[in-house]
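Readers should treat all values here as calculations from the given coordinates under stated rules, not as data from a laboratory. Predicted model only: the values in this text are computed from it and were never measured. Heads up, the Cβs are rebuilt from the backbone with ideal geometry, glycines too, and the neighbour counts pull from every protein chain shown.
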Amino acid sequence: MVLGVEGMYLTKEEERILGGEEGWAKAKALEVIVKVGESLGAERLVNIEHAHISGVSYRNIGRHGEELIKSFADSGVRFSVKATVNPIGFDLEDPSSMPYATIDEGYVRHQYNILTSLKAMGADLTLSCTPYYFPQVTSIKEGTSVAWGESNAVLYANTVLGLKTNREGGPMSLMAAITGKTYYYGLHLEENRVPRVEYVLDNKSNMDEADYGVLGEIIASIHEGINPPYLDVDLDEISLREFLAALGAAGNIAMVYINGITRGRVKKGELKKEMIYRKEIESRREELGIKERPDLIYFGCPHAGVDDLRVIASQLKATKRKFDGKIVVTTSRDTIARLGKETIGILRNHGVRLIGDTCLVVSPFGYKGLRVATNSYKSLYYLSKRGIKVSLLSIRELKDVIEKW
């Protein structure tokens, strides 16, 4: 290895890239990664096998982001590793399917420009915030370094799949995809993946995904340091996703060690213990609960899986009433393709809008005062910032809410 110009140790290959021998685009991307790494104290770079690129919705990145991505694509550079892509601002098959959203021709055109550029560089346009369900990701070997944007996906990668990634922003995940490298820092180092604190629930029985979303908020508010918190809880897949998404939305946590899910051994006797009482969760659930009839009920942040949709369908099937409002579920195009006819029939019969490629959080959705009920703490966190009145419910409460309102 040779010493980089500003202190980071770089390989000869990396020096050649910085020198422009593989084009200005790759040089610029690596320069950004090196500068960020140096600011964090990273001593070298690490090769990655996969990147998940966030920040691709036109609502989030606007013209400047569109032009940045286009400038890389126009240079002819190709991604050095396989790359999946986060949701965009609307459903590609029906841009008008999102209720309470203003999507004009100009918005559609700008969003398509972004996708065209990403595809030209070699991205797999999965348009989902749950890349961890796609075969090209599940086949990656445990312990491999990747560079992922999208907070819930980062937590899932580190916690469940045993991959190594920091919580990268959209531009950094893009640069990493171009170079096939990221800075060797944070959760790429084994010592930072070892928990120091165990959070103990005094009562963890009969908790649903909305409860776990609140638990994520509580832990995010009190946990300190880069090392992951430790929990011994029994979660189904729906609760796991909502818990991880809440941790990512409410704080800066990028990994949690969950007994029975996260790989590796932990010496529990060495962990500092912090109690979390069920009454804290119940009190917060009451505070965030539905107080008035919602205009819209929303599931799918992170993107709903087949299991979610089956449970939603079973709740709808159990009531003869139809919700006097709108029900929206956002999911990946892949999940929609795998749904059975019976499930789709029940959803359609109850007027559910099954929307692909996007989610409410990254779309131009909503207006001040709109009332939304959701099982997603992440949605509650971000949509509330737009002045939308968001309340929390679990899927298993859907039937009761429909019959009440």
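Only loop residues by DSSP count here, and only those with at most 12 other Cβ atoms within 10 Å; note down the GluC sites (Glu not before Pro) in the stretch 94-153 that meet that.
On the way: sites: E105, E142, E150; in loops: E142, E150.
Here the sparse-neighbourhood loop sites are E142.
Going Cα to Cα from K268, which aspartates and glutamates come in below 20 Å? Please leave out same-chain ones fewer than 8 positions away.
Of all the aspartates and glutamates, those that pass the test against K268 - Cα under 20 Å, at least 8 places apart if same chain - are E190, E191, E198, D202, E224, D232, D234.
As a quick test, which of the pairs K291/K326; K35/K181; K317/K404; K204/K326 have an alpha carbon distance above 22 angstrom in this structure? Mind showing how you got there, number by number?
Values: K291/K326 17 Å; K35/K181 13 Å; K317/K404 16 Å; K204/K326 33 Å.
Listed pairs above 22 Å: K204/K326.
Could you work out [θ]222 nm for the chain from helices alone, using -39500 (n - 2.57) per DSSP H run of at least four and dividing by all its residues? Round to the nearest 500 deg cm²/dmol.
Details: 15 runs with 158 residues, N = 405.
Here the helix-only value at 222 nm equals -11500 deg cm²/dmol.
List the trypsin sites (Lys or Arg not before Pro) within the stretch 255-288 that DSSP assigns to loop and that have no more than 15 neighbouring Cβ atoms inside 10 Å. List each step's numbers first, then the result.
Details: sites: R263, R265, K267, K268, K272, K273, R278, K279, R284, R285; in loops: R263, R265, K267.
Answer by residue number: R263, R265, K267.
List the chymotrypsin sites (Phe, Trp or Tyr not before Pro) in the stretch 365-400 that DSSP assigns to loop (not H, G, I, E or B) and whose Cβ has at most 13 other Cβ atoms within 10 Å. Which are they? Kindly include the intermediate steps, with their values, before the conclusion.
Details: sites: F365, Y367, Y377, Y381, Y382; in loops: Y367.
Answer in residue order: Y367.
Which translational diffusion coefficient, to the nearest whole µm²/s, is obtained for the stretch 277-405 from the Stokes-Einstein equation, given a Kirkwood hydrodynamic radius over C-alpha pairs, 25 °C and 0.890 mPa s?
Working: Rh = 15.0 Å.
So the translational diffusion coefficient is about 164 µm²/s.
Working from Cα positions, state the angle (0 to 90°, nearest 10) between the long axis of helix 24-40 and the longest principal axis of the chain.
Approximately 80 degrees, to the nearest ten.
Nearest 10 degrees, 0 to 90: what angle lies between the long axis of helix 237-250 and the longest principal axis of the chain (Cα atoms)?
Here the helix axis deviates by roughly 60 degrees.
Specify the angular offset, from 0 to 90 degrees and rounded to the nearest 10, of the alpha carbon long axis of helix 278-288 from the longest principal axis of the alpha carbons in the chain.
So the inclination is approximately 80 degrees.
Would you work out which of G251, Y58, T182 lies farthest towards the positive end of the dipole of the chain, given +1 charges on the beta-carbon of Lys and Arg and -1 on that of Asp and Glu, about the Cα centre?
With unit charges placed on the Cβ atoms, the residue in question is Y58.
Which value, in nm² and rounded to one decimal, describes the direction-averaged projected area of the C-alpha convex hull of the chain?
Values: hull surface 79.0 nm².
With every direction weighted equally, the projected area is 19.8 nm².
What percentage of all Cα-Cα pairs in the stretch 67-220 are separated by more than 23 Å?
On the way: 5880 of 11781 pairs.
Value for the stretch 67-220: 50 percent of Cα pairs lie more than 23 Å apart.
Binned at 5 Å from 0, what are the whole-percent values of the Cα-Cα distance distribution for the stretch 203-285, short to long?
3, 14, 26, 28, 20, 7, 1
For the chain, give the share of DSSP beta bridges that are antiparallel, in percent and rounded to the nearest 5; count only bridges with both residues there.
Numbers: 6 of 41 bridges.
Beta bridges within the chain, antiparallel portion: roughly 15 percent.
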